[in-house]
1. Rounded, prolate or oblate, given the Cα gyration tensor of the stretch 107-259, with a/c below 1.5 counting as rounded?
2. Along each of the three principal axes of the Cα atoms of the chain, give the extent in whole Å, ordering the values from largest to smallest.
3. Cα gyration tensor of the stretch 48-163, axes a ≥ b ≥ c as square roots of the eigenvalues: rounded (a/c below 1.5), prolate (a/b > b/c) or oblate?
4. Excluding Ser285 itself, calculate the net charge of residues whose Cβ lies under 12 Å from the Cβ of Ser285, where each Lys or Arg counts +1 and each Asp or Glu counts -1.
5. Could the peptides 91-98, 428-435 be put in order, highest first, of the mean number of other beta-carbon atoms found within 10 Å of their residues?
6. What is the packing order of peptides 63-76, 109-122, taking the mean over residues of other C-beta atoms within 10 Å and listing the highest first?
7. Give, as a single signed number, the net charge of other residues whose beta carbon lies under 12 Å from the beta carbon of Ala163, with Lys and Arg counted +1 and Asp and Glu -1.
8. So what J values fall out for the stretch 507-523 if you push phi through Karplus, 6.51 cos²θ - 1.76 cosθ + 1.60 with θ = phi - 60°, rounded to Hz, Gly and Pro as x?
Amino acid sequence: MIEAPAFSSRRSPVFGRGGMVAASQPLAAAAGIEILSKGGNAADAAVAVAAALNVTEPTSTGIGGDMFALFFDARTKQVRALNGSGRAPSSLTLERLKKEGLSELPPFHAYTITVPGACAGWCDLVEKHGTKSMAEILAPAIKLAEEGFPVAPITSYFWERGAQRQLKSAPNGIELTINGRGPRAGEIFKNPGLARTFKKVAEGGKSSFYQGQIAEAITAVIKQAGGCLTAGDLAAHVSTWEKPISVTYRGYRVYECPPNGQGLAALIALNLLEGFDLSKLDALSLDRLHLEIESMRLAFADARWHVSDPQFSNIPTAQLLSKEYADERRKLIDPRRAVIDQKRGTPVSSSDTVYFSVADRFGNACSFINSNYMGFGTGIVPKGWGFTLQNRGHNFDLDPNHPNALMPNKRPYHTIIPAMAARESDGSLFASFGVMGGFMQPQGHLQVFAALVDSGLDAQAALDLPRFCIDDGTAGGAVSLEEGIPDEVMAGLTERGHQVQRVAGWERALFGRGQIILCDAQTGILAGGSDPRADGLAMPLI
């Protein structure tokens, strides 16, 4: 194994044995630790973190958005996937858009609002795997919302950007500002409306969100904004428990949620990369980055066509993830030249965000992701309830022949994806990890996991490592390179045919924000890392 690349990790990995939370916001991590300390397990703590992030980082997440989770059950060594994403309104059709003269959907239009799936997902995760009541689990978030909290610096920056971009013009968006502006770093922000929402859910469960006063407020503001999601759409919503998809990679089995999530792209890329010996290549070398980028190009060529709602499309998942298919597609990678016009393959017949990870003292783990999309989503707030509504419907394709074409009651291509990896030898959990951030997410999964396995980096160093991003998540997209990647490597990638640009400063958010918890099966020691591109940390339980 080669030595780590020549860069300094900003902090050490965090070690512990009694449980751990790695999240993008310290107060949210503390909420999860509080639940673990009271005997809760990874499912209980994960929902506590998700709710607390809604309070402390509404720029990225909330109960008005969607969620996905992978849960590792230590007793059975099984991984289960929870799809908490919502569906398009029952009356929204391509014909309706055409009649209204909409050849594309503006990103913050009320038609982009799909049913918020997060609340049902939270409740369903706890019902299936948790041990605590929703009242106990939501208590830390309710306290933060009622009493207020000091806003973290990076959150403050993106809050102000969202205040000017969405909240200032969206119905009731002013509720999530301080006199029309985002709160400054260290400034106290209270959200009594969100506390009210959480109290309702704590008392009445998910039905109190999808029916009754909250549902009435959601449908009223959507109608005011020109949308068409109805009370019936909300009442009909259900989460789905699914079998995760997976591939093997150098002795590990890597798990992702199945479509409509884009985890498929990460697994296709890992299958392609497995055919190259990356351990002999420095993680930031020209040859290594070229191979990773080219693998992602091929993966996006397939995923951007096939990822859709499986209830509406026949997705050849098993064939796309087969080693035989990877062997054929790998032949299209030129080690010395970029191929930016890759087309999707034909396998033989036979989906802005918060990500966090939780592990408990019992050996369970939860890889969890929750999102509004594009920061505050639409920026539209149901009056008096303290949360924004997502704009996930913007990911639908308006080509009627595309598998991801907009249709009533259909789930869109989803960018948010949690990940896990287990050891092939005994099924023990190796890592609960993820990288948030739109189409960066499968690229982040690829780069982080390769850093762990091929370069032997620890959890924190793997997250600190500078990244690349194919900007639009398409096979032919331009490539952004994070500051820290050597100039000569950037020049070399240009020579090989990649259209590249360097990204620094605040814009480094493009490269996502990840969390990792590694698990030592023999000692029970947990090692956590948290992305330096966010405000968060990994926090162990004593």
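What follows is calculated from the coordinates using simple rules that are stated; it is not laboratory data. Worth saying up front: this structure is predicted, and the values here are computed from it rather than measured. Note: ideal-geometry Cβ built from the backbone for every residue, glycine included; neighbour counts use all protein chains shown.
1. Working: a/c = 1.43, a/b = 1.28, b/c = 1.12.
Note, shape of the stretch 107-259 comes out rounded.
2. Projected onto the principal axes, the Cα atoms of the chain cover 59, 58, 44 Å.
3. Working: a/c = 2.51, a/b = 1.32, b/c = 1.91.
Oblate.
4. Around Ser285, the charge tally is -3.
5. Details: 91-98: 15.8, 428-435: 26.5.
Per-residue Cβ counts within 10 Å, averaged per peptide and sorted highest first, yield 428-435, 91-98.
6. 109-122, 63-76
7. +3
8. Rounded to whole hertz, the list is 5, 4, 4, 3, 8, x, 9, x, 9, 9, 10, 9, 10, 8, 5, 7, 9.
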